[in-house]
Amino acid sequence: MKSTTSKRKEIEDFLWEWAETQGEWAKKLIQIIISTETNLIPSDRKIIFKLFLDSFNLLSSLKKSSILKPKYTPTKKKILLSSLSNIEGVNKLAKNQQLNFSENLTVIYGENGTGKTGYARILKNLGFSFDKNNIILSDIFKTKQNKKATIKYKSDDVEKEFSWDCNKSNSDLSNISVFNNNCVQISLSDRQLLVSPVGFYLFNIVKEELQELSSLFEVEISKYNTNLTWTDNLHKGTPQQIYISELSDKSLEYKLVELSNFGDSENDILEKSNKELSNLNINLLIIEISNLKTSLAEIKSINEEVKGASLILTSENIEKLQLINEKIKSLEEMQSKGINEIGKKFGIEFYKSEQFESFINAAEKYIKVINKPNYPEENDICVYCLQPLDNKAKDLLDNYHILLNDVTKDELIVTEKQKKDLVDKVFQINTNLVFHQSTFGIDEKDKPIQPKKIQEYNQKLKIMKEQFIKGNFNKDFSFSFKYDNYTKFLNSKYEFLNISLKEKQQLLLKFSVEQNILIKKIEELNDRKLLSSKINEVKTAIENKKRISQFNTKSNSFNTNSISRKTSKAREILVETNFANIFKAELKALRKSHLDIELNFETDKTNSKISHRINKYSLLEILSEGEQKAIALAEFLTELQLDNTIAPVIFDDPVNSLDHKIIDDVAKRLIKLSKERQVIAFTHSILLFNCFLYYTKQPTYKGTENKFYNSKNEYDKTGFIVQSEEEINKVKEYIKKINVIVNNTPKNKEESDIASDGYSYLRSAIELFVEHEIIHGTVKRYQKNISLTQFVKINGNLIDSYKDDLNEIFERCCGFIKAHSNPTIVHNDPTIIDLKADFNDFKEIRNKFL
């Protein structure tokens, strides 16, 4: 909200103090902002920036002129709402309704859900509030409609009209302020002030302009290019590369000239050095060293194969194999002899078959299972045929038992395994050793030559290996294979190649030193040559760096910290004390001055922020809902007084959670406020409505123009506006409702339901008749005083005459209305005929008292 405070000169002083510390450009900035009270146009902003550049003597053509401290005459604006009409697409509000607003106080009463908040939402969408939620929906049960409304208003007595569509804003109507239930939580949280107090809006404009000028500053700096695109072509570590990498506004030009000197003599040296480098042929040497290392590794691997074979295929193992073969032969003969003798002795057929052997082995296992180690004994039967045993059979079984428990077979198995293990080791010996490297040269097919010595090794060892596996060695065989001949051959070659490797490695080391010296020399000459062609570009970059360095001395000119500090100082002097005093007065008016509330102010990027505490605790944590609302309302009223713009204030249900005493005080405070600015209150509180009615008629508050409305529902639409200059609850209102029922009975409802509604209205009419017309308002609901001046108007005789009849009608009403139920045995639904009869009787009684 734009500020129109009458204390602008004090604000100007603070802004001017800030400008004087910044320079002529800042003075011009303040001069324009104070004169326009808005953000700068682009042309003015360019003038400010040119003045800033002039401080670096960049624009000598700029005319010099002294900038005087600006003077300001505060402007005032008064906004008055005239009417709100032609509403479409807002909640369930009815069409063709018009709210005409009083210049002072307008009160719209209605029960919950009668459309009051719908009207308030339109006004809130135009103005400002603690509550930033401005979502407005059309009737969600029907097709979506475009939102429309017409607002007529006056701006400084000039009549204007605005077509609202929920999207367009209006600079005049944006000054409307709104307070609703949602404002309480937001107001009592740590937050920014709702309005910009005493011209603090100007500080915010200055901050925004500093940000714009900062962007211009960045663009200006970008014009001074210091980027050299060719620097990656320089060689790391050369004097030229170091100079360019450290280039700054302090780089010396004579050093640049010295490093970029490149003529014919330097060019000759460069060509000579390149030729020397190519003659070193260091890459070929590296390849030779690599090949030697590979050959040495291969010789070593083959030598290991030979050594491994020398440990396996030996004269000792050949003798061992011969012994094993002889033992196997002996064990096989012993095993065969035993079974042959038994078979021949007892005339057993097929005793050499596998089936026979399996048969007797199974029987022996069975004997062990039945635990008869001495089988066969006296009276034992045959385990094979289960027949009695004679002496010959026992003798046969004894022989079987002896034969099967003989260890010859087990020993034969062990011996055969020993032979297999030995043969397997020999089988693994490699008799196909091959050189894959050109260690012994290359043949005519460009393949590595295989030395005859190794070929001989493969052939001889292969023959011995096959003999060993087959076991074809005579007793007189003599082992004559000489492994040493082959290992010596390989070792000799290994030593020769190793000496050659060391010689070439020494040579490479020498070449590397020479190569590095030449490379560095060539790199320096190449960089010198490159730099000589870029000397003017480097000089420009140095000059640009000097200019940027100048700019950097004032890089904080557009930083908002300094103006924020000045804002804090101004706030401390101009706002805090004034705010605190007004706030205390508002608390007192709402009976909350006993609460010792600590107010703390601070600045966030020129925005004034406020926080509230009681003994360091948040108000939301310790106060009741009613206390919170009273304090939030007091703070809202305080902030309205920080600025001189006279604009409407909207209150949507301002007294929820407040007790009747505070409701009384709120009504008086808002009536008083309506003398200063237009007040529009939406409420469902009959207490508040009647308080407004009562106090606006009191001498203290006379002289204000007031309008009172009742918002009602009809079928599925809300917001039907009816003007009401007296209390909302009147006898006439209910008589009208009953007349509608008895004269125009709806056809779409049950008669008993319609009659029940009529009796409900009649009951309310009787209550109001007693209150307003029989006892003449001596005692009123929702009001605290008793009117003795009205008491003398009571006609006791009439009361005695008709009180029984009136009470009888009232009792019937209570029995028929929906809030009461009757026992089923005496159930009697009301009818329209009954309602008409009782209604006519009531009207006759009422006429007696009028």
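Return yes when Lys732 is under 50 Å from the mean Cα position of the chain (by Cα) and either outside any strand (DSSP E or B) or basic (Lys, Arg) (or both) and no when it is not. It is false that Lys732 is under 50 Å from the mean Cα position of the chain (by Cα) and either outside any strand (DSSP E or B) or basic (Lys, Arg) (or both). Looking only at segment 232-251, filter to residues that are of a type outside the set (S, T, N, Q) and touching a helix residue (DSSP H, G or I) at 6+ places or on another chain (Cβ under 6 Å); which one of those is surrounded by the most Cβ atoms within 10 Å (Cβ to Cβ)? For segment 232-251, the residue satisfying everything is Ile244. Within segment 281-288, none of the residues are exposed (fewer than 13 other Cβ atoms within 10 Å of the Cβ) and modelled with pLDDT of 90 or more.
Of all residue pairs spaced 6 or more apart or on separate chains, those with beta-carbon atoms under 6 Å, a first member in segment 447-475 that is open to solvent by 60 Å² or more (accessible area, probe 1.4 Å) and a second member that is of a type in the set (Asp, Glu) are Ile449/Asp443. Taking every residue in segment 719-737 that is modelled with pLDDT of 85 or more and pairing it with any residue that is open to solvent by 40 Å² or more (accessible area, probe 1.4 Å) and among the hydroxyl-bearing types (Ser, Thr, Tyr), at least 6 positions away or on another chain, the pairs with Cβ-Cβ distances below 7 Å are Tyr734/Tyr761; Lys737/Tyr761.
Yes or no, residue by residue, for (1) at pLDDT 70 or above; (2) loosely packed, with under 13 Cβ neighbours inside 10 Å; (3) in a helix (DSSP H, G or I):
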{"residue": "Tyr351", "(1), (2), (3)": "no, no, no"}
{"residue": "Ser358", "(1), (2), (3)": "yes, yes, yes"}
{"residue": "Ala362", "(1), (2), (3)": "yes, yes, yes"}
{"residue": "Asn379", "(1), (2), (3)": "yes, yes, no"}
{"residue": "Lys394", "(1), (2), (3)": "no, no, yes"}
{"residue": "Asp398", "(1), (2), (3)": "no, yes, yes"}
{"residue": "Leu403", "(1), (2), (3)": "no, no, yes"}
{"residue": "Lys417", "(1), (2), (3)": "yes, yes, yes"}
{"residue": "Lys420", "(1), (2), (3)": "yes, yes, yes"}
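Residue check: is Leu530 among the aliphatic types (A, V, I, L, M), closer than 28 Å to Ile454 by Cα and either open to solvent by less than 50 Å² (accessible area, probe 1.4 Å) or not in a helix (DSSP H, G or I) (or both)? Here the answer is no, as Leu530 does not meet what is asked. Of the set (1) buried (at least 18 other Cβ atoms within 10 Å of the Cβ); (2) within 39 Å of the chain's Cα centre (by Cα), all apply to Ile582 but (2). Put simply, of Thr4, Thr73 the only residue that is open to solvent by less than 70 Å² (accessible area, probe 1.4 Å), polar (S, T, N, Q) and at pLDDT below 90 is Thr4.
Number of residues in segment 150-165 that are surrounded by 17 or more Cβ atoms within 10 Å (Cβ to Cβ) and touching a residue at least 60 places away in the same chain (Cβ under 8 Å): the value is 4.
Can you tell me which residues in segment 173-186 are at pLDDT 70 or above and either crowded, with 23+ Cβ neighbours inside 10 Å or more than 15 Å from Asp643 (Cα to Cα) (or both)? Within segment 173-186, Leu173, Asn175, Ile176, Ser177, Val178, Phe179, Asn180, Asn181, Asn182, Cys183, Val184, Gln185 meet the criteria.
Val383 meets all of the listed conditions (1) at pLDDT 75 or above; (2) surrounded by 16 or more Cβ atoms within 10 Å (Cβ to Cβ) but one, namely (1).
Just give me the residues in segment 298-328 being open to solvent by 60 Å² or more (accessible area, probe 1.4 Å) and either farther than 30 Å from Gly471 by Cβ or modelled with pLDDT under 85 (or both), in sequence order. Once the filter is applied, which keeps residues that are open to solvent by 60 Å² or more (accessible area, probe 1.4 Å) and either farther than 30 Å from Gly471 by Cβ or modelled with pLDDT under 85 (or both), segment 298-328 yields Lys300, Ser301.
Exactly one residue among Lys539, Lys588 is surrounded by fewer than 15 Cβ atoms within 10 Å (Cβ to Cβ) and under 30 Å from Pro654 (Cα atoms), and that residue is Lys588.
The condition (being among the β-branched types (Val, Ile, Thr) and open to solvent by 10 Å² or more (accessible area, probe 1.4 Å)) is satisfied by just one residue among Ile87, Ile140, Ile108, Ile122: Ile140.
Would it be correct to say that Gln506 is polar (S, T, N, Q), open to solvent by 40 Å² or more (accessible area, probe 1.4 Å), farther than 26 Å from Ser290 by Cα and in a helix (DSSP H, G or I)? No; evaluated as a whole, the condition is false for this residue. If you go through segment 479-490 and keep only what is open to solvent by 70 Å² or more (accessible area, probe 1.4 Å) and touching a residue at least 24 places away in the same chain (Cβ under 8 Å), you end up with just Asn485.
The values are calculated or read from the model by the stated rules, or taken from the named source; none is laboratory data. Keep in mind the model is a prediction, meaning the values are calculated, not measured. A quick note on method: Cβ atoms are made from the backbone with ideal geometry, for glycine too, and the neighbour counts reach across all protein chains shown. For accessibility, only protein heavy atoms count, side chains too; no ligands or nucleic acids. Shrake-Rupley method; radii C 1.70, N 1.55, O 1.52, S 1.80 Å.
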